[in-house]
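Below you'll find the structure, written out as structure tokens, and then a few comments.
The values are calculated or read from the model by the stated rules, or taken from the named source; none is laboratory data. The structure presented is a predicted model; accordingly, all values stated were derived computationally and were not measured. Cβ sites come from the backbone with ideal geometry, for glycine too, and all protein chains shown count toward neighbours. Protein only, heavy atoms only, side chains kept; ligands, DNA and RNA dropped before computing areas. Shrake-Rupley method; radii C 1.70, N 1.55, O 1.52, S 1.80 Å.
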Amino acid sequence: MTTNQLFDFIVVGAGSGGAAVAARLSESGRYTVMLLEPGGVTDTFNHRLPLGVAKLTTDPRYCWQLSSGPETALGGHRVFSPRGLGLGGSSATNGMIWAFGDAKGWDEWRDAGHEGWGWSDVQPFYKKLENYPEGDPATRGHGGPMQINLHKPEKLGQAFLDSCAQAGYPAAKDYNGGSVEGWTWLQTNTHNGWRCSTYDAYLKPAANRKNLHIELGAYADTLVFEGSKVVGVEYVKRDGDQAVARTQVRAGREVILCAGGYHTPALLERSGIGRPELLQSMGIEVRLANEHVGEHMLDHLRTCVSYQTQGAVTINDIVHNIPTRMLQGAKWLFTRHGWLRTATMNTQMTVRATPDSPRADLKLQLNAVLADMSKPGSLHFPLAKTSGLSLLNWPVYPRSRGYSHITGKQAWDHPDIFANYLADEYDQQVTIAGLRLGRKIASQAALKQYVLNEAFPGVNVQSDSELLAYAKGTGLTVYHPVGTCRMGKQGQGVVDSQLRVHGVSGLRIADASIMPTLPASNTNAPSIMIGERAADWVLKAVA
């Protein structure tokens, strides 16, 4: 084992949170930083081109090929749940939807006892990390590293928004300004038609810093302790399923875990921190008992109403029709617009699922894709050969909680993930409301002119029980796992309000796993913000 490396800080995981942490800690040049990442460089054409995400999620070089389940409430089938692998993590492979969450959602964190996590606390860090030229400088960032754009009008997107208005719903002024309610074009982390991941925004500008060392192909195996203090990390290199080299690196100040909702709890568990009965069953000595490690997982489950369409280009046409593909490629090349600058989505609406809902708790998005969902329970639904679109929906504030735990001692062993999708009746009812809302929007004049017929679930599926059965057979993750190392007081969570792990010193967590709830948001922007906050606290602690 190599043990001759000492750094001020060690950051595990180069994804949304980790890239921000490593870049900020090394920014002044005063501190040495080791960034450990099991993947590699994410600079391929498909990483850069927004629509290229379709080629990445099933590629084991760039995404962990994970799945959850068997999911009891979904009838026992599994749900494909990939996570980004490589510099930028999931920010290099996701849908690029830029969302901060609702102010009330963040204020609920503060009111639940998570000091310093209200909207007024997190908004300055959102401003710090973004560059959104179209935003109001009073509320939006104009000089940060993450490049943000508002999508320009497209035929189907405009028809969707017009239909939302025709159905009587209000427009959203800026859904990242504190209120998510209403219909709007999407904001995405793109620049000049290209994806802007945290690799692009944080790590590339830091590449020449002599005090930042990035180790690729490095699987963080276990934490190194001296008593109750974390003083380093042991990582391994991989050849197939064998570890071919083991290295121990030391941190003079802190270790920050940013491996994500599945892999951060796994690293804690391999290091002896977690549920005693689980660790003992794996032959791992219990160093610190914490029943919350790996528990309380939340994720968004999407369902959709899908239509065969006419008169407008969709992703199906780009994939299956060579002339259309060439025309769309030329449109992107010369104008930087069109579907190639998206990950298939460009508009959304967030509304109240019922008139009695106290807040906007249902999201609907236009997805320019028609998939063949004739075989419920599939891990992958193939792209239909005909032109089409889907109106995706999901509960913004899901209540069904699951878990993610280790299944073996190797750092690359896939965890046992159980999301428990649609177990809670609230989630079921909002999902049913979302399917009915999709039908309502598709029946409005603006969008109806492009609709030929309802492909899935089909017009004969009408009752609540039939719609719920369809949702259970065809639901897919929105890739937002959180909560597996949730914030809470000692005995109620894994980290405190400054992201320090309870019961040990020298260790913080800065990724989506710390989120106690989903604050009406996709998880990429909040994870970057969490990384920014962690770096700020760490630097203040050592100043």
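Observations
- Net charge over other residues, Cβ less than 15 angstrom from the Cβ of residue 152 (K, R count +1; D, E count -1): +2
- The range 164-187 residues near the modelled residue 138 label - backbone nitrogen below 16 Å, point 7 Å along Cα→Cβ: 173-179
- Taking a straight Cα-Cα cut-off under 20 Å and skipping sequence neighbours fewer than 8 places away in the same chain, the aspartates and glutamates within cross-link reach of residue 540 are 8, 27, 115, 121, 254, 496, 511, 532.
- Neighbour net charge for residue 423 - beta-carbon separation under 13 angstrom, K R +1, D E -1: -2
- The chain: relative contact order as a whole-number percent, Cα under 8 Å and 6+ apart: 22 percent
- Here's the picture: a label point sits 7 Å out from the Cα of residue 357 along the beta-carbon direction, and within the range 429-452 the residues with their amide nitrogen under 16 Å of it are 429-442.
- Heavy-atom surface analysis with a 1.4 Å probe gives the chain a carbon and sulfur content of 50 percent of its accessible area.
- Computed extension length for residue 43-residue 462: 146.2 nm, one decimal, from 0.36 nm per residue of separation with the Cα-Cα distance subtracted.
- Cα gyration tensor shape for the range 308-449, rounded if a/c is under 1.5, else prolate or oblate: oblate
- Inter-probe distance in nm under a simple model that places probes 7 Å from Cα toward Cβ, at residue 321 and residue 245: 5.2 nm
- For the range 7-63, size of Cβ-based charge dipole, Lys and Arg +1, Asp and Glu -1, in debye: 120 debye
- Among 461-468, 171-178, the peptide with the highest mean count of other Cβ atoms within 10 Å heads the list, and the full ranking is 171-178, 461-468.
- Judged by the gyration tensor of its Cα atoms, with axes a ≥ b ≥ c, the range 57-151 is oblate; a/c meets the 1.5 cut and b/c is at least as large as a/b.
- Mean-position separation - Cα centroids, the range 9-26 and the range 159-206, in angstrom: 25 Å
- Computed over protein heavy atoms with a 1.4 Å probe, the accessible surface of the chain works out to 37 Å² per residue.
- Residue-level accessible surface for residue 456, protein heavy atoms, 1.4 Å, Å²: 40 Å²
- Leading residue at positive end of dipole, the chain (Cβ point charges), from 163, 541, 232: 163
- Signed unit charges on C-beta, dipole axis of the range 262-326, positive-most listed residue 276, 315, 286: 315
- Taking Cα extents along the principal axes in Å as calculated from this structure, the corresponding entry among (1) 67, 48, 47; (2) 101, 56, 43; (3) 131, 65, 52 is (1).
- Highest average first, the peptides 274-281, 308-315 ordered by how many other beta carbon atoms sit within 10 Å of their residues are 308-315, 274-281.
- The range 346-421-the range 85-157 distance, computed between alpha-carbon centres (Å): 21 Å
- Most to least packed among 493-499, 438-444 [average Cβ atoms within 10 Å]: 493-499, 438-444
- Spin-label model, residue 228 to residue 412: label points 7 Å out along the Cα-to-beta-carbon direction sit 3.7 nm apart.
- Candidate lysines - alpha carbon under 29 Å from residue 363, same-chain residues fewer than 8 apart omitted: 55, 104, 127, 128, 152, 155, 173, 375, 385, 440, 448, 472
- Cα gyration tensor category, rounded, prolate or oblate, for the range 387-432 with a/c compared to 1.5: oblate
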